[in-house]
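These notes concern the structure reproduced below.
The values are calculated or read from the model by the stated rules, or taken from the named source; none is laboratory data. Note that this is a predicted model, so its numbers are computed, not measured. Note that each Cβ is placed from the backbone with ideal geometry, even for glycine, and that neighbours are counted across all protein chains shown. These area figures cover heavy atoms from the full protein model, side chains too; ligands, DNA and RNA do not enter into them. Shrake-Rupley method; radii C 1.70, N 1.55, O 1.52, S 1.80 Å.
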Amino acid sequence: MNDPMRTGPLLTMTGMTKQYPGCLANDHVSLTVERNQIHALLGENGAGKSTLVKTIYGVVKPDAGEIIWQGQKVAIQNPGHAQRLGVGMVFQHFSLFEALTVTENIALGLGSARERIGLRERIVRISNEYGLPLDPDRVVHDLSVGERQRIEIVRCLLQNPKLLIMDEPTSVLTPSEVKKLFVTLRRLAAEGCSILYISHKLEEVRALCSAATIMRFGKNVGECAPAEKTVKELAEIMINMTLHAPTPRPLTASSKPPRLVLDKLTIRSPHHFGTDLKAISLSLAGGEILGIAGIAGNGQSELMDALSGEVPAGKPESIMIDGVAAGHMGPHERRGIHGCFVPEERNGHGAVTAMTLAENAFLSGFTRQALVRFGIINTRKTAAFAEHIIRSFDVRTTGPKAEARSLSGGNLQKFLVGREVLQDPAVLVINQPTWGVDAGAALAIHEAIMALAEAGAAVMIISQDLDEIFVLADRIAVIAGGRVSAPVLKREATVESIGRLMGGTAAAEAPGEMALAE
Amino acid sequence: MTALLVAFLVSTIAAATPLLLAATGELVVEKVGVLNLGVEGMMLAGAIAAFATANETGVTSLGVVAALVAGIALALLFAVVSLTLQANQTATGLALTIFGRGFSALVGAGYVGIPAPTLPKIHIPLLSDIPVLGPVVFGHDILVYLSLAILAVVAWCIRSTHLGLILRAVGDSHDAAHALGYPVVPIRYAAVAFGGALAGLAGAYMSLAYTPLWAQDMTAGRGWVAVALVTFSAWRPFWLLIGAWFFGALMYLSLYVQALGVAVPSALLSALPYIGTVIVLVLISRDARRIRLHRPAMLGRPFQSRA
């Protein structure tokens, strides 16, 4: 006799369908997760992965489809129901309460008063057991992204889940943190908790997952054992086209005159929890791409703000663009001397989401594209500029009149990168060029960046994605604790050596973490 | 001298009570992320409801109940418009204040100048007869003690109970709270109704105890001071109490100075408690980190669940 509660697949979904206004997010999708399995869910942005896992977690109600959980047909009503069944989920954008402590955050996720007894001790025990160091009394506001993720994982583990869903868990972690996370996940799988793992990082999926379900445009397009495929093959199934890896760039000799020079750039962060920039000195020649690696929260956004002019530097000479002292200038003036910038946050920072693409193109491009005459906007020229960006960068949208928020993350990012690249900058600084962007769009953005450097611009890439930095950069520097290390040539750098620089200073700056790590 | 001190302390506590009640209610409302600027209107509605009911029935306790009902009714009106229909909270709150003022003036037109039964002062044999301490600590009416008790319970509840944790969570991130399965909108309804009840109670105190008669706009902006108290105390109950008492003290001082006949324009003296309280609270709550830690991040933001 087979007891389906103990044998057979943990979760089987068939015919899952969910229609959103104007978009069929899931179209008869199937998914089977076995016991003790680490199962990957792959697909581009907008392929319907998030909708599918939200259905499992009870956040989204499907229009049709059947869910079999441990041999029983279930209709998952809400997240509480999912948790009682044994489903835990770690979100990509953490659902944490900033003003509350670690313990308070976790207590909120637990149903009954009985579960909350001795919670603090259990948090300490579980976090030690699984190598997820956490100080239960610290306020979330003060914690790093990696620590925040640990809270979510510990919160799930406290409920003894049978299935743990992880949405892009490693995008915010250092290489060594990723390794530790994998150890934890493998151990969980061995102990009987299956894991559904959503990631863009195919290399990681190959290393970690024993099975994969691939989705495209809301449909299943394949099942495979990831280890048996190459990264290229997996990516091609995902986006249904043949990928040409960008040709490695010939290393440019740095004999050309520098176009962007930072001289002991020092800025106190205006934000209470920000990182101060400490005497950053760098020099970028035309035609060169410099990659700045680092873990989130080590001064990347402050560096970006300082370069773009959102936070002017005290001394004008600390930032030189094409030999002009620009430290005191605002973003608009810096654009005037051929500096262009793409900030990290697309929504509300890079783009005004409620405005049209044409209007967004205008906001950054009006000087360099001469879109204003006597204070009046040249709408035809503005629309043509937006149209030009849309066509050159293959932005999938209805046209320049579409609102920025109607675009998917990848398409909006292509538009924003295109908006700056097409202004023919002398210096381009991009923070997180392909964060949360699908493989096809990322490739397009990478190619545009390389072409721009080829044309003689100095490009700085600030990214937490080491793979991306190794693909693009000629030289690599690391930002940690507001200091930037001396750039090294790519051929002299390894992932390990860069990873050490990323982690070393950061760990020394986080006393709480050190104390717990013992 | 002793008599003067007793008068000062007694009237400080009395003047602070309506502020304390209304501000405690608004504190709870804002803790869950809702900004209700209708406190003044709800106070006026409570004041006239209490006065009219007590006047018609002769029973002050029925007046207090009527004030509670009136406050809750207006608060629920606000909740329906701003939480269910998702209208802008600031505009809705302002409209509520305008509505409460007009409505109370309409209902109260026939009650102007009529004396009403007054909420009795509690008299505890022996204790109330202790010099100084007796009248200051044991000589008030029930609402004074109730206001302090409610503040203490609210403070404890917010800091140390699971209910308080849920309230703070909803105010800090309604999306996260929703994702964890907490019913955001019903929780906010309950908090708004609680705030309305306390504002109504504050109004009842005004018309049945503090100045036991009805006059149009008799709350004289105390509802607004209550809202300001919540913000400038950085959402901390203890500082709410300090701010309310400070306001009460300045209120007495300005009247006292006026009575002495000092040559200061009376309008300036009347404004002193309002201005002074705000200045002092601004000075004591300048710590940006503390404000960020206590400020409900969702304050004034509408919540829409996406299914």
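Here the accessible area of region B:1-57 is 74 percent carbon and sulfur, with a 1.4 angstrom probe and all protein chains present.
Taking all protein chains together and a 1.4 Å probe, the residues A:PHE415, B:PHE246 rank B:PHE246, A:PHE415 from largest to smallest accessible area.
Computed from backbone phi with θ = phi - 60° and the Karplus coefficients 6.51, -1.76 and 1.60, the 3J(HN,Hα) list for region A:287-297 is x, 10, 10, 9, x, 10, 8, x, 7, 3, x Hz; x is used for glycine and proline. Comparing B:ILE242, B:ILE48, B:ILE72 in a Gaussian network model of chain B where C-alpha atoms under 10 Å apart are linked, the largest mean-square fluctuation is found at B:ILE242.
Rg ratio for the protein assembly as shown: its Cα radius of gyration over 2.2 N^0.38 Å, N being its residue count, equals 1.12. Heavy atoms of the protein chains alone define the surface here; on that basis region B:2-294 has 40 Å² accessible area per residue at 1.4 Å probe size. When the C-alpha to C-alpha distance is required to be over 21 Å, the pairs from A:LYS54/A:LYS162; A:LYS18/A:LYS219; A:LYS54/A:LYS180; A:LYS414/A:LYS490; A:LYS18/A:LYS401 that qualify are A:LYS54/A:LYS180; A:LYS414/A:LYS490; A:LYS18/A:LYS401.
Could you work out what % of the accessible surface of chain A is carbon and sulfur, using a 1.4 angstrom probe and leaving DNA, RNA and ligands out of the count? It is 55 percent, rounded to a whole number. GNM on chain B, alpha-carbon springs under 10 angstrom: the most fluctuating residue among B:GLY261, B:GLY108, B:GLY71 is B:GLY261. For A:ASP438, the amide hydrogen comes within under 5 Å of the amide hydrogens of A:ASN45, A:GLY410, counting only partners 5 or more places away or on other chains and with H modelled in the peptide plane. The phi-based Karplus calculation (6.51 cos²θ - 1.76 cosθ + 1.60; θ = phi - 60°) puts the 3J(HN,Hα) values of region B:257-268 at 4, 4, 5, 5, x, 5, 7, 10, x, 5, 4, 5 Hz, whole numbers, x for Gly and Pro. Output wanted: per-residue J couplings in Hz (rounded whole) for region B:62-70, from phi through Karplus 6.51 cos²θ - 1.76 cosθ + 1.60, θ = phi - 60°, x for Gly and Pro. Once rounded to whole Hz, the list reads 5, x, 4, 4, 4, 5, 4, 4, 4.
Excluding ligands, DNA and RNA and using a 1.4 Å probe, chains B and A jointly bury around 1900 Å² of accessible surface, summed across both partners.
Taking only Cα atoms, what is the 0 to 90° angle, nearest 10, from helix A:379-392's long axis to the longest principal axis of chain A? That works out to roughly 60 degrees.
Heavy-atom accessible area for B:LEU37, with the other protein chains in place and a 1.4 Å probe, reaches approximately 30 Å².
For chain B, the relative contact order comes to 36 percent (Cα pairs under 8 Å, sequence separation of at least 6). So in chain A, what percent of DSSP beta bridges are antiparallel if you round to the nearest 5? So the antiparallel bridges in chain A amount to around 50 percent. For B:TRP214, the solvent-accessible surface computed with a 1.4 Å probe is close to 0 Å², ligands and nucleic acids excluded.
Of the listed residues A:ASP467, A:ASP167, the order by accessible area with a 1.4 Å probe, largest first, is A:ASP467, A:ASP167. Counting only protein chain heavy atoms and rolling a 1.4 Å probe, the accessible areas of A:GLU44, A:GLU233, A:GLU223 rank, largest first, as A:GLU223, A:GLU233, A:GLU44. Solvent-accessible surface, computed for protein heavy atoms with a probe of 1.4 Å, shrinks by 20 Å² or more for the following residues of region B:140-176 when the other protein chains are added to the isolated chain: B:HIS162, B:LEU165, B:ARG168, B:ALA169, B:ASP172, B:ALA176. With just the Cα atoms defining each centre, how far is region A:390-427 from region A:199-217? Give it in Å. Centre-to-centre distance over Cα atoms comes out at 28 Å.
The GNM of chain B, with springs linking C-alpha atoms under 10 angstrom apart, assigns the highest mean-square fluctuation among B:ILE187, B:ILE124, B:ILE114 to B:ILE124.
Listed by chain and number, the lysines placed with their C-alpha closer than 18 angstrom to that of A:LYS229 are A:LYS201; residues fewer than eight positions away on the same chain are left out. For region B:1-155, the relative contact order is 30 percent, taking Cα pairs closer than 8 Å that sit 6 or more residues apart in sequence and dividing their mean separation by the residue count. Note on A:ASP137: accessible area approximately 80 square angstrom, rounded to 10, probe 1.4 Å, nucleic acids and ligands left out.
Compared with the dominant principal axis of the Cα atoms in chain B, helix B:89-108 is inclined by about 40°. Applying 1/(1 + (r/R0)^6) with R0 = 22 Å to the Cβ-Cβ distance of A:GLU203 and A:GLU345 gives a FRET efficiency near 0.25. Centroid-to-centroid, using Cα positions, region B:209-242 and region B:79-155 are 9 Å apart.
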